[in-house]
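The values are calculated or read from the model by the stated rules, or taken from the named source; none is laboratory data. Bear in mind that the values here come from a model prediction, so they are computed numbers and not experimental data. No Cβ is skipped: glycine too gets one built from the backbone with ideal geometry, and neighbour counts run over all protein chains shown.
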Amino acid sequence: MTADALTLARRASERLRRDPMLDLRLTRPQRQWVETTHPRAVWRDGNRLGKSWAQAADIVLFARGMHPHQTHRGALRIVVASESWAQFVPLQRRLWDLLPRNEIHPKLYFSPGQGIKGFKEPVIPFVTGPAAGTEIILCTYQQGAARLAGGNYHRAYCDEPPPETFVGELLPRLAQQGGHLRMTFTPTPESPPLDWLRDKIDAWKAGKPGGFCEYNHGLTPENVLVYGGPIPVPYMSEAQIEQFGADCLPVERAMRMQGAWDPLSAGRWLTNYGPGCHHYSAPPVGARLALGIDHGAAAGKQAAVLVACTQDGTLAPRIWVMGESLSDGYTTPEQDARAVLAMLADCGVGWDDLDVIVGDRPTGRNRFAIAKSNRDLAQFIAWQLGKKRREVWIDTPKKWAGSVNHGFRIMNAIMGREDDGRSHFLIAPTCPELTKAIQGFEGDRRDPLKDVLDAARYSIERLVDGSRGWAPPAITYA
């Protein structure tokens, strides 16, 4: 190679170091994402499809005024958010790889495991070039309104599915500038409830206003071909894709490969349930008692379950499901209160005998204008018992990404422990709906069977979880 050729090669290498976007190459799904014009777009898909890379490319292209569908120019304000800093790092790594070093603030640097650093409040300021004056604000959903306060944005990116409240805070701040929203994610069994997002996508499919446009492709050989060179080159072989699918748990394979909304299994989730769970006898005197309540304003979504527990401070807790109460969703909180108290009375338990009372978060109103909450239920229970309102308290369960699976793991582990064919998880004959739910629930978060399971789960989690040394094994999926 001649000296001139070496000089040209070095210059080209330096240009790419300063501006990696000069050699940007994308797959067809990635290019479709960058070229979408819908103001609210969602890319829900499997792993290994380069969603984060496409998202990072879109961010940098838009910030520098080079986007194929540029909606704004000049000094822009862009917000990029994720569930947590730990989950945020992979996207920040790709963003760092594409940022032009000579245009961003010299204080910025990338720290492995921590992301893009340089300022106390995470931000990427552009100081020269076409994006001079533009800021990319980095935040988590937990920071919410505090981080977004006082700002209007030209574009927003969500790296994982955000809570509905975060989007509710974000959309008005985009509307001021006519800004667009971009959201990429792969659903997992631990994903938070996403019914609100599914409703937005369904609205778009139905041609209704306010809907979110959706992209979904699946991990296939065609979708991993990178274009931009002499010939398309795959970054995964067909054999590697097949191996990736084989390595996934059956319950999550469709999520990891196609971005399916819900986990799938070949059978019920609570696989340790069996005949030993029905060798029921009354719990011993002194057992701790808990009432779990799942609110709802739709048919089949109001449930209460009474649970007793012993040995909760050991490695082998024992559970007795003593009673259940279900209403059809057309009932009022007053009627629900009466049904709960009647169920307790049938079990020989008074309200003051309960050690733990846990009720779900409030629901919205249904078409009959019925809303349900712990506060309303407690008010009518107090009235029917002749107590003051402050004497009746219903706690709220702790929820986080993965809390549903965590609770089911606890229940399944207790069911699997037996003494002479008698399970440590016993169900009274007066609980047919819970038995039906245990036998039939296969993981769909919108399955009505989950409601009575949640009522049982709330009380069992509160009684058992956190006990000394208690570490339930993971659920095995049949």
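General remarks:
- Where a residue in the stretch 345-357 is farther than 16 Å from GLU391 by Cβ and its partner, wherever it lies, is outside any strand (DSSP E or B) and acidic (Asp, Glu), with Cβ under 9 Å and at least six apart: none
- For the stretch 205-233, a residue qualifies if it is within 25 Å of GLU83 (Cα to Cα) and touching a strand residue (DSSP E or B) at 6+ places or on another chain (Cβ under 6 Å), and the qualifying residues are PHE212, CYS213, GLU214, TYR215, ASN216.
- Residues in the stretch 309-333 that are assigned to a loop (DSSP other than H, G, I, E, B) and more than 27 Å from SER373 (Cα to Cα): GLN311, ASP312, GLY313, THR314, LEU315, ALA316, PRO317.
- Condition met for LEU138 (in the same structural domain as LEU24 (by TED's automatic domain parsing) and crowded, with 21+ Cβ neighbours inside 10 Å): yes
- Single unsatisfied condition, ILE370 versus (1) among the aliphatic types (A, V, I, L, M); (2) at pLDDT 90 or above; (3) more than 26 Å from the chain's Cα centre (by Cα): (2)
- Checking each residue in the stretch 96-107 for being more than 19 Å from GLN55 (Cα to Cα) and in contact with a Lys or Arg (Cβ under 7 Å, 6 or more places away or on another chain) picks out only ASN102.
- Extreme residue, farthest from HIS69 (Cα to Cα), among residues of the stretch 146-165 that are hydrophobic (A, V, I, L, M, F, W, C) and buried (at least 22 other Cβ atoms within 10 Å of the Cβ): CYS158
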